[in-house]
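The values are calculated or read from the model by the stated rules, or taken from the named source; none is laboratory data. If you're wondering where the values come from, they're calculated on a predicted model, not measured in any experiment. Every residue, glycine as well, gets a Cβ built from its backbone with ideal geometry; the counts of neighbours run over all protein chains shown. Accessible surface is based on the protein model in full, side chains and every heavy atom, while ligands, DNA and RNA are left aside. Shrake-Rupley method; radii C 1.70, N 1.55, O 1.52, S 1.80 Å.
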Amino acid sequence: MLEISNLTVRYGGITAMSDLSLTVPRGETVILVGANGAGKSSLINAIIGMVPVAKGSIKLDGVELTKIAPYNRAGCGIGYSPEGRRVFPTMTVRDNVLAGASRLGRAKQNQVYEKLSTLFPMLATRANDAAGILSGGQQQMVAIARALSSSPKLLLLDEPFLGLAPVWIQQISDAIRHFREEGITVLMTEQMAVPALKVATYGYVIRNGHILRGGTVDELRGAALAEEYL
Ligand code: ATP
C-alpha cells in the first residue's frame, strides 16, 4: 500500500536519511524502531510533506505523494498523529478530535465522534473539557482520534508511547491492535521497541537514516534486535 524507495532527506548540509526503502502492506501494522535522531520523524514528515524530499519516491496505492502539495495529502487518505501529540490545549476534546473531520456535516461528525468514543471511552466522558487539562495518555488518545476522524486508509503514529506511563501504553496498544481488525493500515515509529513490537506485525530498525534490518516482529524480537538496538 505504501512504498518508499530510495528516500533521501536533507536539512541544509545535514543528510538525515539516504536511500531508505521500506514497504507497508495493506492492513498491516508496521513499526519503525530507532533511537533519538535515527530519522523516524523525518520519514513521517516526508510522507506528509512537512519536509522536502531530496531524492526518491513515496507511493500510496500507486500515487506518487512527492508530487502532491502537503495540504492535499490528507485528502489522499492519510491520518497523522504527531510526536508530542500537539493537541490544541484551549479547545475542547471534541473540537480537537473533529478538527480532522471539518469537511463533514454536523450529523456525520456526530457519528464519527460516537464511533471514536467506542474506541476511546474517555472521549465521551471528557468531550467538553479543554484538551490541555488532560493527562499525557488521554492527550495521546485525542491526537490519535483526531488522526482517525478523517477515516484514513493509512494512519501514521509518530512515537505514540513517548513519555507515557505503562497503563496508558497498554490502553493505546489495545486500540492499535483494534485498528488492524478494522482494516486500517498503520505505520508507527517508536523508541521503545518492547511495547511497539507487541502491537506491530512487521518492523524495521532504523539508525542514522538507514534501515539496519526489516522483518516480522518475531524475527526482530530475536537476538539481532537486542544486539543492534535494545
Ligand atoms: P527523535 O526521536 O529525537 O524525534 P528521530 O528518530 O525522529 O528522533 P529525526 O528527528 O528525524 O530523528 O532526526 C534525524 C536527524 O536529522 C537528526 O540527526 C536530527 O538532528 C536531524 N534533524 C532533524 N530535524 C532537523 C532540522 N529541522 N534541521 C536540521 N537537522 C534536523
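Scan segment 74-94 and tell me whether some residue there is free of Cβ contacts under 8 Å to residues at least 60 places away in the same chain, within 16 Å of the ligand (Cβ to nearest atom) and outside any loop (DSSP other than H, G, I, E, B). Within segment 74-94, none of the residues are free of Cβ contacts under 8 Å to residues at least 60 places away in the same chain, within 16 Å of the ligand (Cβ to nearest atom) and outside any loop (DSSP other than H, G, I, E, B). Take the conditions (1) under 30 Å from S18 (Cα atoms); (2) surrounded by fewer than 22 Cβ atoms within 10 Å (Cβ to Cβ); (3) aliphatic (A, V, I, L, M); M188 misses just one of them, which is (2).
Condition first: closer than 22 Å to K153 by Cα and open to solvent by 60 Å² or more (accessible area, probe 1.4 Å). Can you find one or more residues in segment 15-29 that meet it? Give the steps one after another, and end with the answer.
Filtering segment 15-29 for residues closer than 22 Å to K153 by Cα gives 21-29.
Next, only the ones that are open to solvent by 60 Å² or more (accessible area, probe 1.4 Å) stay: 23, 26.
Yes, segment 15-29 contains at least one residue that is closer than 22 Å to K153 by Cα and open to solvent by 60 Å² or more (accessible area, probe 1.4 Å).
If you scan segment 19-40, which residues turn out to be in a loop (DSSP other than H, G, I, E, B) and either near the ligand (Cβ under 8 Å from one of its atoms) or more than 15 Å from A196 (Cβ to Cβ) (or both)? Correct list: P25, R26, G27, G34, A35, N36, G37, A38, G39.
Tell me, yes or no, whether segment 155-163 has at least one residue that is modelled with pLDDT of 95 or more, of a type in the set (A, V, I, L, M) and within 16 Å of the ligand (Cβ to nearest atom). Within segment 155-163, one or more residues are modelled with pLDDT of 95 or more, of a type in the set (A, V, I, L, M) and within 16 Å of the ligand (Cβ to nearest atom). If I filter segment 187-196 for residues that are away from the ligand (no atom under 16 Å from the Cβ) and touching a helix residue (DSSP H, G or I) at 6+ places or on another chain (Cβ under 7 Å), do I get at least one hit? No - not one qualifying residue is present in segment 187-196.
Of a type outside the set (S, T, N, Q), more than 13 Å from the ligand (Cβ to nearest atom) and at pLDDT below 95: which single residue out of A16, A54, A69 fits that description? Spell out the reasoning first.
On the way: A16 fails: more than 13 Å from the ligand (Cβ to nearest atom); A54 fails: more than 13 Å from the ligand (Cβ to nearest atom).
Result of the check over A16, A54, A69: A69.
So is R103 open to solvent by 70 Å² or more (accessible area, probe 1.4 Å) and on the phi > 0 side of the Ramachandran plot or not?
Working: open to solvent by 70 Å² or more (accessible area, probe 1.4 Å): yes; on the phi > 0 side of the Ramachandran plot: no.
Criteria not met by R103.
For segment 66-100, the set of residues classified as surrounded by 20 or more Cβ atoms within 10 Å (Cβ to Cβ) and among the aliphatic types (A, V, I, L, M) consists of I78, V87, V93, V97, L98, listed by residue number.
Pairs linking a residue in segment 34-60 that is touching a residue at least 60 places away in the same chain (Cβ under 8 Å) to a residue that is more than 10 Å from the ligand (Cβ to nearest atom) and open to solvent by less than 40 Å² (accessible area, probe 1.4 Å), with Cβ atoms under 6 Å and 6 or more positions apart or on different chains, are I44/L156; I47/I58; I48/R73; L60/L2; L60/C76. Evaluation of G100 against the conditions (1) touching a Ser or Thr at 6+ places or on another chain (Cβ under 9 Å); (2) in a loop (DSSP other than H, G, I, E, B) shows that the sole unmet condition is (2).
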